[in-house]
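Following: one structure in structure tokens, then a few remarks.
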Amino acid sequence: RSLRVISPCAFMGCTGLRRVVIEHGLEGLGDEAFSGCSSLTGIVLPDTVKRIGEGCFEGCASLTQVRLSESVYMIGQGAFGYCFNLTHMVIPDSCVLIESGAFLNCFSLESVKLSANMALIDDSLFEGCRSLRDIDLPLKLYKIGRRAFKGCTALAGIILPIGVEEVGYDAFADCVSL
């Protein structure tokens, strides 16, 4: 039998934890499972992981690299918030939902490749990502939420897909390079 779920708060605050590699079989990471693991630098998730819970890696300030599962369909609210050293993120096409604030204040995040199947950029998704320069919005996108890119001071250009129906309040506020 293999590990199938890591429960909420399972490793919360384990400040000495540096790297996590999980073998095939894991399907879900509970809310705040690794929250506050300030020494965690990398995580490799098997292709069996489908869901990353709310605040799962929030406050993992040393996290620089994450390899997401090719079958992840959902990333919870604040999942990678305050991961100050995360620089790049690739969201696989299996992902259809990233909840609000998932990358809030990831100050070093420079580039993101979003899933082609995302239709919504949720509220505050990239708020405070002051190094974000490169993001291609998916063609299926219909809505950009409130404060989605607020404070992304390095963002110098954005191309809105033709299907976008709504750009929320303060969505690009304080994006001084736009």
### Message
Just the residues that are hydroxyl-bearing (Ser, Thr, Tyr) and closer than 16 Å to residue 73 by Cβ, please, taken from region 25-53.
### Response
48
#### Entry: Filter result for residue 151 (at positive phi and at pLDDT 95 or above)
yes
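Yes/no per residue for (1) more than 26 Å from residue 138 (Cβ to Cβ); (2) assigned to a loop (DSSP other than H, G, I, E, B):
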site: 23; (1), (2): yes, yes
site: 54; (1), (2): no, yes
site: 58; (1), (2): no, yes
site: 62; (1), (2): yes, yes
site: 69; (1), (2): no, yes
site: 83; (1), (2): no, yes
site: 89; (1), (2): no, no
site: 95; (1), (2): no, yes
### Message
For the list (1) over 14 Å from the mean Cα position of the chain (by Cα); (2) at pLDDT below 95; (3) open to solvent by 10 Å² or more (accessible area, probe 1.4 Å), I need the number of the one condition that residue 65 fails.
### Response
(1)
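The values are calculated or read from the model by the stated rules, or taken from the named source; none is laboratory data. What you see is a predicted model, and the numbers here were worked out from it, not measured in a lab. For neighbour counting, all protein chains shown are included, and Cβ atoms are generated from backbone atoms with ideal geometry for every residue, glycine included. Heavy atoms of the whole protein, side chains included, go into the accessibility calculation; ligands, DNA and RNA do not. Shrake-Rupley method; radii C 1.70, N 1.55, O 1.52, S 1.80 Å.
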